[in-house]
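Undergrad: Dropping the structure in here first, questions after.
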Amino acid sequence: MAAISEVRSASAAEVMTTADGMPLKRSLQRALRREKMRSLMLIAPLLAFILLTFILPIADMLFRSVENGIVQETIPRTVVALQDWDPASDQIPGEQVFEALHADLVEAVKAKVHTKLGVRLNYEKPGMSGLFRTTGRAIPRMGEGPYQEKFVEAAKDWGDPETWRTIRRYAPQYTPGYFLAAVDSEWTHNGIEFRPESERIYLFLFARTAWMSLLITASCLLLGYPIAYLLANLPMRTSNLLMILVLLPFWTSLLVRTSAWKVLLQQQGVINDLLVWVGLIDNAGRLVMINNVTGTIIAMTHILLPFMILPLYSVMKTISPSYVRAAKSLGANDWTAFWRVYFPNTVPGIGAGAILVFILAIGYYITPELVGGTSGVFISNRIAYHISSSLNWGLAAALGVILLGVVMVLFYVYDKVVGLDNVKLG
Amino acid sequence: MSALPPYASAGQRAWFYGFRVICGLIFFFLIFPILVIIPLSFNAENFFTFTPKMLALDPEGYSLKHYRDFFTNPDWQQALWNSVTIAPVATLVATAIGTLAAIGLSQSHVPFRSAIMAILISPMIVPLIISAAGMYFFYSRIGLQGTYWGVVLAHAALGTPFVIITVTATLVGFDRSLTRASASLGADPVRTFFKVQMPLIMPGVISGALFAFITSFDEVVVVLFVGSASQKTLPWQMFTGLREQISPTILAVASIMVALSILLLATLEILRRRSEKLRGLTPG
């Protein structure tokens with residue numbers, strides 16, 4: 001007891017120091033800090049690179065999915081003037097709003113941006129694009145006010161309160177409009193409600209994407225499990241050789257595999273020729289296996305199968321064969337030993353492989369585009385369509401954000417099940 | 001599993017062989033579509049199926065005309081040239097900064113390690129169509145859309161997660177006393193890095209680079225959006241070919257690419273063995 005307190009008082013009196021007289025604790029802290037700084041310095045270039053080239057674009061997409069500055073930019077005076085108008089009334093706004101609209105449109109027509117605004121508002125209310133185009137042509141010969149009558153004369157939709165409600169509703173800088181459209185809803189004077197049955201496409205498309213991804217995951221599991229089992233239980237030399245048959249497709253270009261399926265599955269293709277030759281089908285009854293759901297599922301199962309086999313294999317490799325032997329020695333038959341002992345041990349592998357395949361499948365674009373026809377397309381194809389054909393970027397961004405959200409949730413689950421650090425390649 | 005015991009019952013015997021037949025069929029499903037395009041690419045006709053002449057092994061049924069088309073058609077040659085100029089540069093960028101970051105990440109005290117890791121791996125996880133959409137929007141704001149460097153940077157970003165993963169995997173077994181020994185012998189950090197650390201992690205760096213290369217070389221979705229017609233790469237040309245007028249030249253290109261992936265697979269396998277040998281994981 002006495003000795004300990006003596007040591008304590010001694011250390012309190014003279015602090016341990018390094019050779020150059022600095023307290024040891026501080027010196028160690030400084031070394032640690034330097035080490036942290038060094039590792040951060042090494043990471044910094046890549047972090048900056050990824051933030052700039054990848055994270056910022058994603059953030060930009062998030063922003064675009066709600067951004068709606070175009071209305072305020074194009075017709076600023078009208079937006080202000082409309083604040084005083086009661087959208088619940090059945091009256092169109094008064095002369096001062098029309099005056100503001102005239103002033104705004106004169107500038108907009110000069111800058112040729114009024115059609116863009118028309119296209120933007122057309123997403124919310126069909127007919128707006130035409131309305132702005134017609135009005136734009138009428139503006140130069142409108143002359144002096146009062147404008148209310150002249151506008152209604154130029155295009156009778158200006159006399160419809162619904163037109164004004166739409167403009168007022170979509171005047172703010174940010175809008176939930178694109179997200180509403182992405183889940184087949186719209187914002188009417190009755191509040192938010194679903195679009196009419198015949199116009200609903202996105203919820204159905206999301207559901208189909210999820211359902212087909214699930215089917216693909218299930219068929220990958222069905223085909224991948226026996227292969228992984230065989231590879232994990234064969235002698236090393238044989239299994240390494242057979243592994244090449246799994247890795248070669250894995251390393252082959254996606255487009256090569258898709259074109260192979262396109263060639264195999266078409267009506268004048270190899271599989272149909274073979275079936276006709278064998279006599280299973282006659283020449284007139286050639287199977288339609290491409291440009292539909294079947295084609296997408298077959299091709300994508302083939303493409304994603306290695307992603308199921310590899311995690312399953314790495315889990316099965318760690319299961320000791322003595323477990324099954326022990327079960328059998330205790331009287332289990334082959335099936336019981338497999339189902340009650342071996343299979344539960346492979347569940348982590350099933351989880352990892354299934355989530356991976358599902359995440360990959362749900363965002364696929366190329367293969368559905370090439371072999372899916374119209375009935376086998378995914379939500380990604382719709383996003384691409386809105387970016388490059390319909391040019392409704394806001395809606396494309398909103399659909400993308402929803403898809404991204406789903407993938408993030410799945411990925412969080414993957415991280416919990418497998419762990420990010422355990423991601424292995426090849 | 002590995003062999004059938006002599007006392008196996010008839011049922012066990014049937015299952016043993018039945019299981020192998022099932023596995024054989026699945027292997028066939030995996031490999032057949034890739035191999036079947038090779039003989040088809042030598043078709044003398046513009047068909048996508050075996051002609052009677054081909055089945056009769058008549059030499060007249062085979063020809064190199066689709067390969068000739070690939071090597072003479074300016075569209076395909078331009079696409080090949082674009083692929084060959086984009087992929088190596090993207091690989092170089094991804095490998096250089098990816099390796100540095102991987103070394104940083106495997107130090108013992110990294111603040112916010114998991115958050116940084118999540119950000120760095122994200123290009124691999126986010127579906128390509130979303131990356132492509134985001135990059136298209138953002139790059140057109142800053143004037144990179146439709147330029148060579150836009151595509152290179154986008155591809156480099158997609159390739160870095162693979163470099164990070166492979167290099168950190170090699171660094172897990174790295175013996176830190178080696179760098180300390182080198183420092184105690186008077187080498188500065190840069191010299192230590194190139195003389196001691198680099199040779200040991202080289203297999204990981206090369207396989208990471210191969211992954212980054214193939215990511216860029218095979219990539220279609222991002223280049224479709226970020227690139228313009230003058231950055232049309234080989235996969236892009238294949239994509240348009242498949243979508244519009246499917247010509248058998250695609251099969252010739254596909255066969256060449258299969259040969260390329262076999263080469264790549266072999267290189268990776270050699271690297272893996274070398275790395276294990278270097279790190280003393282397997283004797284011999």
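The values are calculated or read from the model by the stated rules, or taken from the named source; none is laboratory data. As the structure is a computational prediction, the values presented were derived from the model and not from experiment. For neighbour counting, all protein chains shown are included, and Cβ atoms are generated from backbone atoms with ideal geometry for every residue, glycine included. Please note that ligands, DNA and RNA were not included when accessible areas were found on the heavy atoms of the full protein model with its side chains. Shrake-Rupley method; radii C 1.70, N 1.55, O 1.52, S 1.80 Å.
Undergrad: Please get the size of the charge dipole for the range A:99-147, origin at its Cα centre, with Cβ charges of +1 on Lys and Arg and -1 on Asp and Glu, quoted in debye to the nearest 20.
TA: Using only the charged Cβ atoms, the result is roughly 320 debye.
Undergrad: Here is a further query. Quote the FRET efficiency, to the nearest 0.05, computed for A:Trp211 versus A:Thr188 with a Förster distance R0 of 45 Å and r equal to the Cβ-Cβ distance.
TA: 0.90
Undergrad: Which of the lysines could a cross-linker bridge to B:Lys195, judged by Cα under 23 Å and excluding same-chain residues fewer than eight apart?
TA: B:Lys277
Undergrad: If R₀ is 35 angstrom, what is the calculated FRET efficiency for the pair A:Lys328 and B:Ala266, using the beta carbon separation as r and rounding to 0.05?
TA: Efficiency, from the Cβ-Cβ distance: 0.30.
Undergrad: Further question on the same structure: Which aspartates and glutamates, if any, have their Cα less than 17 Å from the Cα of B:Lys53, not counting same-chain residues under 8 positions apart?
TA: By straight Cα distance, B:Lys53 reaches A:Asp273, B:Glu45.
Undergrad: Which cross-chain or sequence-distant (5 or more) residues have an amide H under 5 Å from the amide H of A:Ser185, H modelled 1.01 Å from N in plane?
TA: Distant-sequence amide H within range of A:Ser185: A:Arg195.
Undergrad: Which listed residue (A:Val324, A:Leu214, A:Val183) has the Cα farthest towards the positive end of the charge dipole for chain A, taking +1 on Lys and Arg C-beta and -1 on Asp and Glu C-beta about the Cα centre?
TA: A:Val324
Undergrad: Work out the charge dipole of the range B:153-284 with +1 on the Cβ of Lys and Arg and -1 on the Cβ of Asp and Glu about the Cα centre, then indicate which of B:Leu265, B:Val196, B:Leu251 is farthest towards its positive end.
TA: Projecting each Cα onto the dipole axis, the largest value belongs to B:Val196.
Undergrad: Taking a 1.4 Å probe, which of A:Met37, B:Met54 shows the most accessible area, and what order do the others take after it?
TA: Accessible-area ranking of A:Met37, B:Met54, largest first: A:Met37, B:Met54.
Undergrad: Now for a separate question. About the Cα centre, and with charges only on the beta carbon of Lys, Arg (+1) and Asp, Glu (-1), how big is the dipole of the protein assembly as shown? Nearest 20 debye, please.
TA: The dipole of the protein assembly as shown has a size of about 2680 debye.
Undergrad: Calculate for chain A the 222 nm mean residue ellipticity that helices alone would give, adding -39,500 (n - 2.57) per DSSP H run of length 4 or more and normalising by residue count, nearest 500 deg cm²/dmol.
TA: Calculated mean residue ellipticity at 222 nm is -21000 deg cm²/dmol.
Undergrad: Then there's this: At a Förster radius of 60 Å, what calculated FRET efficiency corresponds to the Cβ-Cβ distance of B:Thr147 and B:Phe27, to the nearest 0.05?
TA: The calculated FRET efficiency here is 0.85.
Undergrad: So which lysines can A:Lys156 reach, going by Cα to Cα under 17 Å and dropping same-chain residues fewer than 8 places off?
TA: A:Lys125
Undergrad: While we're here: When the dipole is taken about the Cα centre of the range A:173-301, and only Lys, Arg (+1) and Asp, Glu (-1) are charged at their Cβ, what size is it in debye, to the nearest 20?
TA: 540
Undergrad: What percentage of the solvent-accessible surface of chain B, computed with a 1.4 Å probe over protein heavy atoms, is contributed by carbon and sulfur atoms?
TA: Carbon with sulfur: 68 percent of the solvent-accessible area.
Undergrad: Calculate the spin-label point distance for B:Val190 paired with A:Val417, positioning each point 7 Å from the Cα along the beta-carbon direction, and give it in nanometres.
TA: The modelled label-to-label distance comes out at 4.8 nm.
Undergrad: Can you give the accessible area of A:Glu95 in Å² (nearest 10), computed on protein heavy atoms with a 1.4 Å probe?
TA: Around 50 Å² of this residue is reachable by solvent.
Undergrad: Same structure, new question: For the interface of chains A and B, what total accessible area is buried with a 1.4 Å probe, rounded to the nearest 100 Å²?
TA: 8000
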